[in-house]
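Student: What follows is a structure written as C-alpha cells; I'll ask about it next.
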Amino acid sequence: MPQPSPPARLLWDSSGLWGLMALESARLLGLPLEPITAAEIIAGHLQGARLLVAPGGWPALKLAALGPAGVEGVRAFVNGGGCYLGFCGGAGLALAGDGGLGLLPLGRDRGGGRLPSASGPIQVSAPDGAAAHALWRGMDGRAVFHVWFPGQFARPQGAEVDILAVYDQPMPLFHCADVAVGGLDAQALAGLERQYGLRLDPGVLLGQPAVIGAHFGAGKVIASYPHLDTTGDGPGGLALQNLWRFWAGIDGPAAPDERPAALPSPEAARLAAEAWDLWQLGADMGLWRARHPVMPLWRRGARGLEFWSLTRMLAFVARHADTRLARAPFWPSLVESVEALLRDGPTALAAQAALLVGRAATPAQAALHEQWFPAPRRVGGGFKLASDFIERAALLVARRAG
C-alpha cells in the first residue's frame, strides 16, 4: 500500500525550468509542495494529496511521460475530490482533445487570432462575479501577473466553466517575440507587424480568458495561462497562497526554506559555473540580454529558453547538491554529457549568431545545431541527453532540499 502523499504535489516529468520555478516559488512562500513523477502517480502515490500542480512546459511531453495509466491516475485523483492547478503548459494539459487530460470541457484556441511568443507583465481583471473567488482574496479584482509564452483558451461556451480572470492592458515591459509592445499605438504596431511578418498587437488578448476554473467529478480544476508561480512576483505569490489555503484547503505545516547543501559538491558547482559562462558568451554574441530575474529576453530565433533552462537547472543542482550526489548511478553519465555539451556549446551559439544576421553557419556549426535543435521547441542529441540527466539530478536534490 502506498504511503499517504504530502498535501501538494508537483508533476515533475518534462517540466525542466518550469517545474523548478513552481517549486522555488512555493517554497519561498512557505507553501508545501513536493515533486511527484509519472511513475509514482501510476503507483498510486497521489493517495492522500489535496493538490496536483502541473507547471509550464510542453503539454505533449507531459502527456507522453504520463502515458495512459498516468492520465487515468490524474483523472481519478481529480474525479475523486482532488484539486488540479495548471500553469501555462500545465493549463493546456488540462484541456479537452487528443493532447490533454480532458479535465476541462474546452480546448485551445487554434485560430488565426493567437498572439505568438508573448511574455512579460500584463494586467488581468476579474469579470462580473469572479472577484469573490479565492484566487482574488486580498486583491480588488485586478492585478498584474506575468505570462511566459502562453497559449490561449478557446472561448468557453455554456456555464460549465467559470472565467476567473480576463486579460486587460499589457504593461510597458510586455513583449511579443523580442519586441516591447506594451504602450505602442496602433500605427507603430502595424508597422512592426509588417516588418516582422508576425501578429504583435496585444489588443487581441483584451477580454480573453486568462484563468478559468471548473469542477471535474468531485474535484476542482484551475487552469491559468499567467504564471502565478513567477518567483518573487508579489501579486502572483498572493494568488498562490490563496489557492493553497482557501481553494485547495491546505493549511498544514509550511515547507522548510530552500537551503544550500551542508557539504557542497565541487563537481556540481564547476558545471554550474561553466554553464553560466556559456550563457554569458551568448549574451556577448547578442543572442540574449537580461530582462526579468526569472526570464531573460532573447532574440527571435535564438534558443534562449533551452540555454537558460540549462543554466538555471545546473545552478539549482549545485546550490542544493551534496557529495552524496556523486554516488547516484547516473552521476558519471551526467558529468560526461554536460561536459560534452559545454565543450560544444560555443559552436552551437556561433551557428545561432550567424543565422540571426543572415550569414551561413559553417558545416560543423550547422550540423551540431541541427542535431541539438531539430525542430522549433524541441531538443535532441547531446543537448537532450544532458538535459534529461540534469532533470533527474534536480529531482534528487529537490527532495533533499525540501
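No value in this document is a laboratory result; all are computed from the given coordinates. Just so it is clear, the model here is predicted, and its values are computed rather than measured. Glycine also receives a Cβ, built like all others from the backbone with ideal geometry; neighbour counts cover every protein chain displayed.
Student: Under Stokes-Einstein, with the Kirkwood radius over Cα pairs standing in for Rh, what whole-number D in µm²/s applies to segment 330-373 at 10 °C and 1.306 mPa s?
Tutor: Stokes-Einstein gives a translational diffusion coefficient of 143 µm²/s.
Student: In the neighborhood of ALA94, defined by Cβ-to-Cβ distances under 12 Å, what is the net charge if each Lys or Arg adds +1 and each Asp or Glu adds -1?
Tutor: Residues near ALA94 contribute +4 overall.
Student: So what does log10 I(q)/I(0) come out to for segment 8-247 at q = 0.12, 0.14, 0.17 Å⁻¹, using the Debye formula with one equal point on every Cα and no solvent?
Tutor: Computed log10 I(q)/I(0) values: -0.63, -0.86, -1.26.
Student: Translational diffusion coefficient of segment 266-401 at 20 °C, 1.002 mPa s, Stokes-Einstein with Kirkwood Rh over Cα pairs, in µm²/s as a whole number.
Tutor: 140 µm²/s
Student: If you project the alpha carbons of segment 1-75 onto their three principal axes, what span does each projection cover, largest first, in Å?
Tutor: Principal extents (Cα only, largest first): 33, 29, 15 Å.
Student: Give me the number: length gained by fully extending SER333 to ASP98, i.e. 0.36 nm times residue separation minus the C-alpha to C-alpha distance, one decimal in nm.
Tutor: Difference between extended and current length: 81.1 nm.
Student: How would you rank 281-289, 96-104, highest first, on the average number of other Cβ atoms within 10 Å across their residues?
Tutor: Ranked by mean Cβ neighbours within 10 Å, highest first: 96-104, 281-289.
Student: Convex hull over the alpha-carbon atoms of the chain: what's its volume per residue in Å³?
Tutor: 139 Å³
Student: Same structure again: Which three lengths, in whole Å and largest first, does segment 89-168 cover when its Cα atoms are put on their principal axes?
Tutor: Result for segment 89-168: principal-axis Cα extents of 38, 29, 20 Å.
Student: Then there's this: Measure of size requested: the Rg and Dmax of segment 36-155, with Cα atoms as the atom set and Å as the unit; please supply both.
Tutor: Spelled out, the Cα radius of gyration and Dmax of segment 36-155 are 15.6, 43 Å.
Student: Give the average over all directions of the projected area of the C-alpha convex hull of segment 260-323, one decimal, in nm².
Tutor: If you wrap the Cα atoms of segment 260-323 in a convex hull and average its projections, you get 4.2 nm².
Student: If the viscosity is 1.567 mPa s and the temperature 4 °C, what Stokes-Einstein diffusion coefficient in µm²/s follows for segment 182-249 when Rh is the Kirkwood radius over Cα pairs?
Tutor: Once the numbers are plugged in, D ends up at 86 µm²/s.
Student: Could you work out which residue, out of PRO363, PRO35, PRO209, moves most in a Gaussian network model of the chain, that is, has the largest mean-square fluctuation with Cα springs under 10 Å?
Tutor: PRO363
Student: Of all beta bridges DSSP finds with both residues in the chain, what is the antiparallel percent, to the nearest 5?
Tutor: Bridges in the chain are about 65 percent antiparallel.
Student: Restricting to DSSP H runs of at least four residues, report the calculated mean residue ellipticity at 222 nm for the chain, -39500 (n - 2.57) per run over all residues, nearest 500 deg cm²/dmol.
Tutor: Counting only the DSSP helices, I get -12500 deg cm²/dmol.
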